[in-house]
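Notes to accompany the following structure.
The values are calculated or read from the model by the stated rules, or taken from the named source; none is laboratory data. None of the values given here were measured: they were computed from a predicted structure. A quick note on method: Cβ atoms are made from the backbone with ideal geometry, for glycine too, and the neighbour counts reach across all protein chains shown.
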Amino acid sequence: MILLETEGVMTRKLSLLVATCFFLCRAQGNAQGTTGSIWGTVRDQQGAVVPGATIRAVNEETGMMRTAVADLAGRYAMPSLSPGNYRVSAGQPGFQTVAHRNRIDRGAGSGTR
């Protein structure tokens, strides 16, 4: 999990806490182990879910970008991603965008949430 703080136009600090697997992404089990998934839940500093947050995953080798939007429970999923290094970010108006590098490995055969 990552905690980021920012001072925006508002007078108080806002935080975005992203509970996700982006740190431990592995290939999601299909028979060949050729694709992976990224999924998780977006929460604020108090632990409340952040519906409508936008999550982006960009493959650093190919430039391919996938986008997901957190549902009413703050959950998101990006299935069928090619193995590689990804820059994954989560953002919502009023919050700082959170970004990290992650790796999906070929043939790992499991996923971590």
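So the values come out like this:
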read-out	value
Among residues of region 58-84, those that are among the small types (Gly, Ala, Ser) and within 17 Å of Arg106 (Cα to Cα), counted	3
Enumeration of residues in region 71-113 that are of a type in the set (A, V, I, L, M, F, W, C) and at pLDDT below 95	Ala73, Ala77, Met78, Leu81, Val88, Ala90, Phe95, Val98, Ala99, Ile104, Ala108
In region 78-95, the residues that are of a type in the set (Gly, Ala, Ser) and more than 16 Å from Thr67 (Cβ to Cβ)	Gly84, Gly94
